[in-house]
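Only the coordinates and a few stated rules stand behind these numbers; no lab work does. Treat the numbers as computed from the prediction; the structure is a model and nothing was measured. Heads up, the Cβs are rebuilt from the backbone with ideal geometry, glycines too, and the neighbour counts pull from every protein chain shown.
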Amino acid sequence: MLGKLRRLNQDASKIALEESERLPSEERRRFLRSGLFTAGGAMVGGALAGIAPKALASTQYPPEIPPWTRSLGAGVVTDPYGVPSPFEKDVIRRNVPWLTADEVSSISFTPLQHLKGIITPNGLFFERHHAGRPEIDPQQHRLMIHGLVDRPIILSMEDLQRFPSVSQINFIECPANGGMEWRGAQLNSLQFLHGMVSCAEWTGVRLSTLLQEVGIKPEGKWLLAEGADGAAMTRSIPMEKALDDVIVAYAQNGEALRREQGYPVRLVVPGWEGNTHVKWLRRLEVGDKPWMQREETSKYTDLMPDGTAHGFTWVMEAKSVITSPCPEMPLKNKGIYQIEGLAWSGRGKVKAVDVSVDGGQNWQQAQLREPVMSKSLTRFALEWKWDGNPALLQSRVIDETGYVQPTLAQLKSVRGTNSIYHKNAIQTWKVNGDGSVVNVQLS
Amino acid sequence: MFSFHKTPRLLASTCCGVILASMPILGAAEPTGYYGYGETPTDEQIAAWDIDVRPDGKGLPEGSGSVDEGMTLFETHCSSCHGAFGEGMGRYPKLAGGEGTLTEDRPEKTVGSYWPYASTLWDYIHRAMPFFAPQSLTDDQVYALTAYVLNLNYIVDADFVANKETLPEVVMPNHDGFTWEDPRPVVNNERCMKDCKEEVTISDSAAGKNLTPSTTGPLDEGITE
């Protein structure tokens, strides 16, 4: 089997080599330097995996017939669990090394600039861990539900999956998304400015089903959710929300949760700050008061200019951002572009998105791309003819409650610059005459 | 796929009335739930996992610890990240000081300046500290460390002994600094479409600031503040 693959690869290499012999000498040298033919037998796993895009790009379109058309490709189960093309190697989660003390209690950002539609691929969903990503054996994992209930239970993951399941598409956003920018424009990147939001189809058991199964005592007004990680992360959730649309999720986009997303089971609390979506869920306790845990007192509270702080600010208010163009996706030359972006609201559906190309002096309503769902990312687009002059691009979402996304100046006038969390202001991208795009703030 | 059941009562009225009639969400205890999956935990199983502590002291175990005992433990288990006096090392959290800074340009949110409840300190040390060996301390050790960190912040005297009676009595300096009802929306933007403002001024730009890690190629580890 391996020998056969190797032969196939060598054949492909031979064809490509013949191809290169037809190139002018300068280009041929560059082609050979790309290293394609030095790998030899080591190229098992895809005949073309090692072909450098740059070396081939200039020569492999019409009238040329490229080597991948004149050879056999890799067989089925070459990758038993499929992975992206090696040409997509830059599309990865990234972190900001200076932001946190270490990578165990830290955050990574989704590459929104590369994503299409509204679903975040599982391998690119942003990560936030407080004590690293645990490696949990689902056979050994248990979810205990107790407290002010009639019938406390311990559920195995098999037990959990016997309950009726629901699936729903919801975004999760860390309330610190964009939190580095209260004092000024620092980061020049869509990924680092807005990549603490992702969206997936979650499948699991409605929390109300489980609470019904254990029977809540009349005085049970709050729920404590606790993780099985080294932070044993906890949040208090009021019963009204717990019985509304929360799910105890074990699957994400059709497969088991990724470890980074709480494998084997997590809470999904639609529209609420990411920290409440407790991962690696091991325990749910019903009580009569909130627990005032570290995450809901010293963290995830919003410090106001007068020195007081707002706690229990769970809802992620409506927000939008233009994802193309952006600093990572500059314009190339004058002409027609589709300005595209993402909008979402923790209070329900996106009703409309407006786009400005002059820094908010004038606005045009963008098109919303279906599907438009409650507490989900929604994609919008507006066609724009760029005349080559500098422009200031902005998007502004209006959600179904009528809430209009604020400007940064409006938000700062109330919240000051020290509240860290819940910065949902309008983003401004400056398009320069050369097509480059820069993160700017307006006064 | 996207149907929502607002409450179990709604569920009862729409699809499962028969089921819920025999299994009300608020009702007399039945031996098992409708589905009957899983096991009933023993008291010992519940006690072992039920580690949360509330401001009123609910959840605090027997045991105690003094400020002096806490100081020794702190040097061994905590000072490498938090500093000998809770001043914080590198980007690891500062635990003490910062009083009166919450309205300043650079507020320091510490246990003393910001945390509203002393119970949270016991709960968090017990569940998640030391960072590299969570849930490795005894209850007495957690009491002692709690007492020491409170003393570092001048909230309790040097002779303070923390236990399940004394800890809920501690009133934190910033206890009244929080509102626990979300006031938002607090900003009301108008949906203006034409001639919305007279001039546009750029107040700041990320251009030229060397703070952004690379967004192509391998992960960037070289950037420092």
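For this structure, a couple of remarks:
- For the range B:64-177: rounded, prolate or oblate by the Cα gyration tensor [a/c cutoff 1.5]: oblate
- Between residue A:77 and residue A:104, full extension at 0.36 nm per residue minus the direct alpha carbon distance yields a gain of 6.3 nm.
- Prolate/oblate/rounded label for the protein assembly as shown (Cα gyration tensor, a/c 1.5): prolate
- Shape analysis of the range A:319-440 yields a ratio of the Cα radius of gyration to the Kirkwood radius, Rg/Rh, of 0.98.
- Amide proton proximity set for residue A:59, modelled H, under 5 Å, gap of 5+: none
- Residue-wise HN-Hα couplings along the range A:404-412, as the Karplus relation 6.51 cos²θ - 1.76 cosθ + 1.60 with θ = phi - 60° gives them from phi, are 10, 3, x, 7, 5, 4, 4, 5, 5 Hz; Gly and Pro carry x.
- Under Karplus coefficients 6.51, -1.76 and 1.60, residue-wise ³J(HN,Hα) of the range A:347-363 in Hz, glycine/proline x: 9, x, 8, 6, 8, 7, 10, 10, 10, 10, 10, 10, x, x, 6, 9, 10
- For the pair the range B:51-77 / the range A:298-336, the C-alpha centres are spaced 39 Å from each other.
- The alpha carbons of the range A:183-259 give a radius of gyration and a Dmax of 17.0, 52 Å, in that order.
- Once backbone amide H atoms are built at 1.01 Å from N, residue A:106 has A:129, A:132 as its partners under 5 Å, excluding neighbours fewer than 5 places away on the same chain.
- Scattering curve values for the range A:236-350, log₁₀ I(q)/I(0), Debye with Cα scatterers, q = 0.13, 0.18 Å⁻¹: -0.72, -1.08
- Across A:299/A:332; A:89/A:349; A:334/A:412; A:423/B:194; A:332/A:412; A:221/A:319, pairs whose alpha-carbon gap is larger than 32 Å: A:299/A:332; A:89/A:349; A:334/A:412; A:332/A:412
- 3J(HN,Hα) from dihedral phi, the range A:331-337, Karplus parametrisation 6.51/-1.76/1.60, rounded to Hz, x for glycine, proline: 7, 9, 8, 4, x, 8, 10
- Under the convention that each Lys and Arg Cβ holds +1 and each Asp and Glu Cβ holds -1, the size of the dipole of the protein assembly as shown around its Cα centre is about 2820 debye.
- The range A:56-120 versus the range A:216-267: alpha-carbon centroid distance in Å: 32 Å
- Charged neighbours of residue B:203, selected by a Cβ distance under 13 Å, balance to 0 (K, R count +1; D, E count -1).
- Relative contact order (percent, whole number), the range A:106-310, Cα cutoff 8 Å, 6+ residue spacing: 25 percent
- Where chymotrypsin sites (Phe, Trp or Tyr not before Pro) in DSSP loops with at most 12 other Cβ within 10 Å are excluded, longest remaining stretch of chain A: A:99-443
- Normalised Debye scattering of the range A:354-422 at q = 0.13, 0.21 Å⁻¹ gives log10 I(q)/I(0) of -0.51, -1.06, counting only Cα atoms as equal scatterers and leaving out solvent.
- Taking the charge dipole of the range A:253-378 about its Cα centre, with +1 at Lys and Arg Cβ atoms and -1 at Asp and Glu Cβ atoms, the residue from A:301, A:352, A:268 reaching farthest to the positive side is A:268.
- Relative contact order (%) - criterion: Cα under 8 Å, at least six apart; region: the range A:301-376: 25 percent
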